[in-house]
Amino acid sequence: MMIDTSGLSEEQKATAEFKSMYAGMMRQLNAPGFILLLCAHEAAHVVYYRMMGTTQFEPLPPRITCDAKTGKFIPFLAGVEIIDKAACQPESWQDWLKMDARASVAGSVVARKLGATDAGGEEGDRLAFNNDCAQLVAHFGGISINTDCLWAWAQQSVEKDLEEFSDRMELIQTLGLELRPKFGL
């Protein structure tokens with residue numbers, strides 16, 4: 001298992017901050033069961049984004065980058081980049097937003113169902129969802145989005161889906177196993 005650090009200089013990699021972050025990521029990735037949770041988390045996003053019409057995504061392996069403005073290191077354990085996210089149409093923005101919320105929460109809901117003892121990787125997903133909401137408000141103007149209520153609704157909706165459609169959880173876990181080597185894990 002490797003963490004991609006190719007975008008960093010040798011000087012950056014020699015710092016105590018980098019070494020500490022790298023070691024922490026390796027501990028997390030090597031924790032028993034963590035990789036299966038991580039892969040299922042990302043697979044859940046893919047499954048729910050596919051319900052929105054997504055067909056293309058890019059697996060992103062673990063990496064550490066550096067913010068050019070702040071000089072701070074940024075860790076990424078692994079993820080999927082959605083390439084062809086469905087465009088939001090003005091006449092159906094509420095439906096689009098509900099599907100986006102479900103796809104955003106799916107990873108952490110699945111991770112918790114599979115035994116994650118923390119938020120299940122929710123923080124980054126929540127930030128990305130809040131950004132989607134802010135972009136919609138800026139683009140369409142005159143609309144209001146209560147992200148907290150929508151997030152809570154989406155969590156309940158995905159939990160209900162996974163209870164009602166047991167094959168969906170099986171699909172997510174199978175896709176997670178397929179994603180694992182693509183993440184280099």
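Can you tell me which of (1) surrounded by fewer than 18 Cβ atoms within 10 Å (Cβ to Cβ); (2) out of contact with any helix residue (DSSP H, G or I) (no Cβ under 8 Å at 6 or more places or on another chain) is the one S144 doesn't meet?
The number of the failed condition is (2).
Any chance you could count how many residues in region 57-100 are aliphatic (A, V, I, L, M) and either within 22 Å of M21 (Cβ to Cβ) or within 12 Å of the chain's Cα centre (by Cα) (or both)?
Total meeting the criteria: 8.
Which one of A128, A101 is within 26 Å of R168 (Cα to Cα), of a type in the set (G, A, S), crowded, with 21+ Cβ neighbours inside 10 Å and modelled with pLDDT of 90 or more?
A101
Residues in region 32-55: is at least one exposed (fewer than 11 other Cβ atoms within 10 Å of the Cβ), farther than 30 Å from L171 by Cβ and out of contact with any helix residue (DSSP H, G or I) (no Cβ under 7 Å at 6 or more places or on another chain)?
no
Given (1) loosely packed, with under 11 Cβ neighbours inside 10 Å; (2) among the charged types (D, E, K, R); (3) free of Cβ contacts under 8 Å to residues at least 12 places away in the same chain, where does E58 come up short, assuming only one miss?
That leaves (3) as the condition not met.
Assuming C88 fulfils every condition listed in (1) within 25 Å of D148 (Cβ to Cβ); (2) outside any helix (DSSP H, G or I); (3) without any contact (Cβ under 8 Å) to a residue 40 or more places away in the chain apart from one, which condition is it?
Tallying (1) within 25 Å of D148 (Cβ to Cβ); (2) outside any helix (DSSP H, G or I); (3) without any contact (Cβ under 8 Å) to a residue 40 or more places away in the chain, C88 fails exactly one: (3).
When you check L77 against the structure, is it of a type in the set (A, V, I, L, M, F, W, C), at pLDDT below 95 and under 19 Å from T174 (Cβ atoms), yes or no?
Here the answer is no, as L77 does not meet what is asked.
The values are calculated or read from the model by the stated rules, or taken from the named source; none is laboratory data. Note that the structure is predicted; figures quoted are calculated from it, not measured. When we count neighbours, we look across all protein chains shown, and the Cβ atoms used for this are built from the backbone with ideal geometry, even at glycine.
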